[in-house]
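The values are calculated or read from the model by the stated rules, or taken from the named source; none is laboratory data. No experiment lies behind these values; they were computed from the predicted model shown. Because the Cβ atoms are built from the backbone with ideal geometry, glycine has one as well, and the counts that use them run over all protein chains shown. Please note that ligands, DNA and RNA were not included when accessible areas were found on the heavy atoms of the full protein model with its side chains. Shrake-Rupley method; radii C 1.70, N 1.55, O 1.52, S 1.80 Å.
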Amino acid sequence: MNKVIVTGGLGYIGSHTVVALSEEGYQVVIIDDLSNSHEGIWDRLQSLCSTELTWERINLSERTQTLETIQRHHDAMGIIHFAASKAVGESVLHPLPYYRNNLCSLIYLLEAMGAHGISRMIFSSSCTVYGEPLTLPVTEESEIQSAQSPYGNTKQIGEEIIRDVVNGEELDLKAICLRYFNPVGAHPSGIIGELPLGTPANLLPYIMQTAAGDHEHLRVWGDDYPTPDGTAIRDYIHVMDLAEAHVKALSHLDDMSSRIDYFNLGTGAGTSVLEMLASAERAVKGKIPYQVYDRRLGDIMKIYADTAKANAVLGWKAKRGLDEMTETAWKWMQSLKESPI
Ligand code: UD1
């Protein structure tokens, strides 16, 4: 049995993971209500995948719909749960929809898994759970800091809900929480990639739009951090490396002696805003204008992952470098300009 349910499968990381699953022979059932994704990705995914794909357009924070949908696909071997709202700033302004959307959907999914005997889950978590880390690189044992935003809190609470459920008696569950660092880049075909709704808050999509002429310049949020070039440092990871880690995690669940585990997914390398910009300039073969602004509220200075655990236990390692991230992001931007979705 190699059918897997992917919630949020038309979104950025979800769609790339659907391709990686299909390459490994999985049939995929996508659950996506298009709340932060685009219908056009469905046709594009079908052109990239050779195994059977199904799409259920339902809202997971509707309990009855969720139970019915999972019942229809009770023969799935597991669920990869991406579907969630993820705009940090918006979550501060409107916390309730964040808690409802991100937590109700998780609870209803777990209830449905219990009702229909699906026992494997991969949960999309975030390095945001570590806050501004006390020591670097961050390992999975690094201290969890209090969340900086309702969005971050939904990831922490989500991990806690799953931990409690695997330890309880209601369902026979094994789960892995994957803590993503900063996913960027796109599928090498240029057929799928990140589709930010409105002006992107994240660095690389904004850089690419600036290179394409949509913005006058990149706003660099602060160059007075105590880092080598003064700009903040993150661990950017190619979305296809991230996608492949999900396939490894799914097959690792059966080998796991514990019922729950946690993995950092990053490259282990820290990259500054100006280093990312320089790589983007190589990709677009031109200068990209920027101006320095004050630091962005709530930003941390520096974070990157210790990936030893994912390397050793999952047998997974990020293979793609920074220039491959910016080159694929640029290819995607150009293909979007040529044939908008
Ligand atoms: C942000 C979220 C994080 C989420 C992640 C998903 C915040 C505080 N954190 O992380 O919770 O999991 O996105 O990818 O929003 N930058 C600029 N100019 C820009 C955009 C960004 O200088 O126009 C800088 C930022 O100050 C930061 C770096 O680029 O130093 C990366 O920013 P971003 O892509 O937004 O990611 P994070 O802030 O790390």
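Taking the stated definitions as given, is Ser257 away from the ligand (no atom under 11 Å from the Cβ), polar (S, T, N, Q) and farther than 20 Å from Tyr180 by Cα?
yes
How many residues are open to solvent by less than 80 Å² (accessible area, probe 1.4 Å), part of a loop (DSSP other than H, G, I, E, B) and touching a residue at least 60 places away in the same chain (Cβ under 8 Å) when one looks only at region 211-222?
The number of residues fulfilling the criteria is 3.
Those residues that are open to solvent by less than 60 Å² (accessible area, probe 1.4 Å), of a type in the set (D, E, K, R) and out of contact with any Ser or Thr (no Cβ under 6 Å at 6 or more places or on another chain), I need them from region 313-338; list them, please.
Arg320
Check whether at least one residue in region 33-43 is surrounded by fewer than 24 Cβ atoms within 10 Å (Cβ to Cβ) and without any contact (Cβ under 8 Å) to a residue 12 or more places away in the chain, and report yes or no.
yes
Any residue in region 111-124 that is surrounded by fewer than 17 Cβ atoms within 10 Å (Cβ to Cβ), assigned to a helix (DSSP H, G or I), of a type in the set (Asp, Glu) and in the same structural domain as Leu253 (by TED's automatic domain parsing)?
No, region 111-124 contains no residue that is surrounded by fewer than 17 Cβ atoms within 10 Å (Cβ to Cβ), assigned to a helix (DSSP H, G or I), of a type in the set (Asp, Glu) and in the same structural domain as Leu253 (by TED's automatic domain parsing).
Report, ordered by the first and then the second residue, all pairs with beta carbons closer than 6 Å, sequence separation of six or more or different chains, a first member in region 151-168 that is more than 25 Å from Gly89 (Cα to Cα), and a second member that is open to solvent by less than 20 Å² (accessible area, probe 1.4 Å).
Ile162/Phe123; Ile162/Ala175; Val165/Leu110; Val165/Leu173; Val166/Leu173; Val166/Ala175
Does region 282-305 contain any residue that is surrounded by 22 or more Cβ atoms within 10 Å (Cβ to Cβ), touching a helix residue (DSSP H, G or I) at 6+ places or on another chain (Cβ under 9 Å) and in a strand (DSSP E or B)?
Yes, the conditions are met somewhere in region 282-305.
Which residue is farthest from Leu314 (Cα to Cα), if the candidates are limited to region 254-277 and must be touching a helix residue (DSSP H, G or I) at 6+ places or on another chain (Cβ under 9 Å) and assigned to a loop (DSSP other than H, G, I, E, B)?
Among those residues, the one meeting the criterion is Ala269.
Filter region 125-134 down to residues that are in contact (Cβ under 8 Å) with a residue 60 or more places away in the chain and not hydroxyl-bearing (Ser, Thr, Tyr) and give me whichever is surrounded by the fewest Cβ atoms within 10 Å (Cβ to Cβ).
Glu132
Of the conditions (1) in the same structural domain as Ala305 (by TED's automatic domain parsing); (2) assigned to a helix (DSSP H, G or I); (3) surrounded by fewer than 21 Cβ atoms within 10 Å (Cβ to Cβ), Met208 clears all except one; give me its number.
(3)
Among residues belonging to region 135-194 that are over 23 Å from Tyr12 (Cα atoms) and of a type in the set (Gly, Ala, Ser), point out the one that is most open to solvent (accessible area, probe 1.4 Å).
Top of the filtered list is Ser146.
In region 169-193, which residues are assigned to a loop (DSSP other than H, G, I, E, B), over 15 Å from Asp241 (Cβ atoms) and either within 16 Å of the ligand (Cβ to nearest atom) or in contact with a strand residue (DSSP E or B) (Cβ under 7 Å, 6 or more places away or on another chain) (or both)?
Matches in region 169-193: Leu173 only.
Which number in (1) away from the ligand (no atom under 14 Å from the Cβ); (2) in contact (Cβ under 8 Å) with a residue 12 or more places away in the chain marks the one condition that Leu96 misses?
(2)
Among the candidates Ser91, Ser50, Ser15, Ser61, single out the residue that is among the polar types (S, T, N, Q), closer than 20 Å to Pro200 by Cα, touching a helix residue (DSSP H, G or I) at 6+ places or on another chain (Cβ under 7 Å) and modelled with pLDDT of 95 or more.
Criteria check complete, one pass: Ser15.
In region 175-200, what residues are small (Gly, Ala, Ser) and under 18 Å from Thr326 (Cβ atoms)? Before you say what the answer is, go through the steps one by one.
Going residue by residue through region 175-200, those that are small (Gly, Ala, Ser) are 175, 185-186, 189-190, 193, 198.
Result: Gly185, Ala186, Ser189, Gly190, Gly193.
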